[in-house]
Amino acid sequence: MIRIIHLTDLHLSHPDAGDPGDRSENARTLTQVITAINAMETQPAFVVASGDLTNLGDTASYHLLRDHLAPLKAPLLMALGNHDKRAGFYAAWGHDGTEEPYFHESLHSGLHVITLDTSLAGHVAGTICAHQFALLEAALAEHEDKPKIIVMHHPPRIDADGLPWGSIDMASTERLAATLRGHNIAAILSGHIHINRVSHWHGIPIIVSIGLNSSVDLLETVDMRLIEGRGFGICDWRPSGMSVSFVPLTPVPRELGTIDRARLLAFT
């Protein structure tokens with residue numbers, strides 16, 4: 001089994017960034033999550049943060065993000081979302097002057113992880129540019145014996161009649177489906193829509209985690225009602241496939257009781 005922790009939608013803001021919303025709770029939540037990950041008995045092979053790392057995309061907020069992520073023991077893989085800005089992200093990591101989409105690939109514990117940058121400046125919806133499709137096609141040709149994890153902030157558009165801002169555009173979705181066809185894709189890890197959701201898209205699990213900022217009331221079907229709700233995903237890869245467990249952080253769950261380990265092991 002290979003364990004992956006899936007974080008998304010951190011929406012961190014430096015206190016001096018001029019963010020009209022109070023994001024201080026997000027920083028505290030991130031610290032809570034890092035502490036929890038480091039204390040896990042089964043340590044993850046890596047941690048994914050699938051975009052909207054900051055809320056405003058300024059360099060100071062990315063520096064704050066780096067400080068908060070520094071104690072994390074496991075390797076971290078990041079993607080950029082619609083709230084991120086490439087200039088601020090690259091500046092904080094010592095690569096000033098570039099505006100290229102952030103594309104990344106690496107091997108971790110036998111998994112080939114490919115990160116796409118689906119952000120489109122000035123837009124809530126996402127896309128995948130032709131340059132990244134070329135990079136993706138080249139990456140898929142490598143390590144063909146390894147299962148692949150695709151990390152992208154905006155998920156593919158699984159419903160043609162769905163809200164267009166909640167995914168990459170349909171043209172990118174259709175090209176992505178064609179590009180991934182025939183490859184061993186273990187899962188796509190995404191965020192953006194602030195809900196916990198698992199979809200099967202052309203046989204590929206698309207895992208969307210609620211994120212560390214807020215949630216969406218799924219019972220409100222007319223307007224979008226934002227509610228309290230933060231969490232992350234524990235993804236376990238086995239040769240039989242990917243499974244995910246969603247960990248709620250807020251509202252804080254009320255304990256109803258405890259069954260000790262010895263009794264659990266005695267159950268038949």
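The values are calculated or read from the model by the stated rules, or taken from the named source; none is laboratory data. In this text the structure is predicted, and so the values were computed from the model without any measurement. Cβ atoms come from the backbone with ideal geometry, glycine included; neighbour counts cover every protein chain shown.
Select from the stretch 24-44 the residues that are over 20 Å from residue 194 (Cβ atoms), buried (at least 18 other Cβ atoms within 10 Å of the Cβ) and of a type outside the set (Val, Ile, Thr) and list them in ascending order.
Within the stretch 24-44, 44 is the sole residue that qualifies.
Just checking, does the stretch 102-110 include any residue being aromatic (Phe, Trp, Tyr) and at pLDDT 95 or above?
yes
Tell me which residues, restricted to the stretch 147-194, are under 18 Å from residue 5 (Cβ atoms) and surrounded by fewer than 21 Cβ atoms within 10 Å (Cβ to Cβ).
Answer for the stretch 147-194, where residues must be under 18 Å from residue 5 (Cβ atoms) and surrounded by fewer than 21 Cβ atoms within 10 Å (Cβ to Cβ): just 147.
I need the full set of residues from the stretch 223-252 which are among the charged types (D, E, K, R), touching a Ser or Thr at 6+ places or on another chain (Cβ under 7 Å) and without any contact (Cβ under 8 Å) to a residue 40 or more places away in the chain, in order please.
Correct list: 228 only.
Restricting the stretch 1-56 to residues that are within 30 Å of residue 240 (Cβ to Cβ), out of contact with any helix residue (DSSP H, G or I) (no Cβ under 9 Å at 6 or more places or on another chain) and among the polar types (S, T, N, Q), which is modelled with the lowest pLDDT?
Among residues in the stretch 1-56 that are within 30 Å of residue 240 (Cβ to Cβ), out of contact with any helix residue (DSSP H, G or I) (no Cβ under 9 Å at 6 or more places or on another chain) and among the polar types (S, T, N, Q), the one modelled with the lowest pLDDT is 42.
Would you check which residues across the stretch 117-146 are in a helix (DSSP H, G or I) and either free of Cβ contacts under 8 Å to residues at least 12 places away in the same chain or of a type in the set (Asp, Glu) (or both) and list them?
The answer is 130, 134, 137, 138.
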